[in-house]
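The values are calculated or read from the model by the stated rules, or taken from the named source; none is laboratory data. Note that the structure is predicted; figures quoted are calculated from it, not measured. We place every Cβ from the backbone using ideal geometry, glycine too, and count neighbours over all the protein chains shown. Each accessible area value is taken on the protein alone, full model and side chains, heavy atoms only, with ligands, DNA and RNA left out. Shrake-Rupley method; radii C 1.70, N 1.55, O 1.52, S 1.80 Å.
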Amino acid sequence: MYSEKVMEHFTNPRNVGEIENADAVGQVGNAKCGDIMKMYLKIEGDTIIDIKFKTFGCGSAIATSSMATEMIKGKTVKEALQLTNRAVAEALDGLPAVKMHCSVLAEQAVKSAVYDYAQKNDLYFEELEGFDPDEDHDHHDDHHEE
Ligand code: FES
């Protein structure tokens, strides 16, 4: 049911923890399953030089957070906003359909952290247009089908 990569990132997640004096922190939750994901970013210039996460959630949420952090480490904040839940799931060699919403949480956690960064630094990113870090992220699946 789960790919080897999912199992590997679940049992040995990368970038777990928190960053003291992080430049940005994002947190999202899924009201239905109750899982929570928190991401910390250290940003220099506009590059994400360090990233850590804490996920209180299912194995897929942990695996997707781990993979998402690996995918945006060293990238610019703008590039991080391009990360889709589909790309994260693909990088993990797929997720069971019923677990796709867990990858949405990872995408939203990254966006939420960049949102925090934008707020603190008075920056505008069109990718964050309409993004609400406090909304329930369970209903977003359809927006990510493309
Ligand atoms: Fe809640 Fe996976 S079941 S994020």
Which one is farthest from the ligand (Cβ to nearest atom), of the residues in the range 95-120 that are closer than 19 Å to Asn21 by Cα and among the hydroxyl-bearing types (Ser, Thr, Tyr)?
Tyr117
Among the numbered criteria (1) in a loop (DSSP other than H, G, I, E, B); (2) touching a residue at least 40 places away in the same chain (Cβ under 8 Å); (3) closer than 20 Å to Tyr117 by Cβ; (4) among the aliphatic types (A, V, I, L, M), which single criterion is violated by Val25?
(1)
Starting from residues that are of a type in the set (A, V, I, L, M) and open to solvent by 40 Å² or more (accessible area, probe 1.4 Å), keep the ones in the range 32-71 and report whichever is farthest from the ligand (Cβ to nearest atom).
Ile49
Only one of Ala87, Ala113 is open to solvent by 10 Å² or more (accessible area, probe 1.4 Å) and in a helix (DSSP H, G or I). Can you tell me which?
Ala87
Quick one: would you say Leu41 is in contact (Cβ under 8 Å) with a residue 12 or more places away in the chain and out of contact with any strand residue (DSSP E or B) (no Cβ under 6 Å at 6 or more places or on another chain)?
no
Step by step: first the residues of the range 3-15, then only those that are touching an Asp or Glu at 6+ places or on another chain (Cβ under 9 Å) and outside any helix (DSSP H, G or I), then the one that is most open to solvent (accessible area, probe 1.4 Å). Which residue is that?
Arg14
Only listed residue being touching a Phe, Trp or Tyr at 6+ places or on another chain (Cβ under 6 Å) and of a type outside the set (Val, Ile, Thr), chosen from Ala31, Ala91, Ala24:
Ala24
Expected single match for within 19 Å of Lys111 (Cβ to Cβ) and aliphatic (A, V, I, L, M) among Met7, Met1, Met71 is Met71
Filtering the range 18-31 down to residues that are open to solvent by 60 Å² or more (accessible area, probe 1.4 Å) and of a type in the set (D, E, K, R), which residue is nearest to the ligand (Cβ to nearest atom)?
Glu18
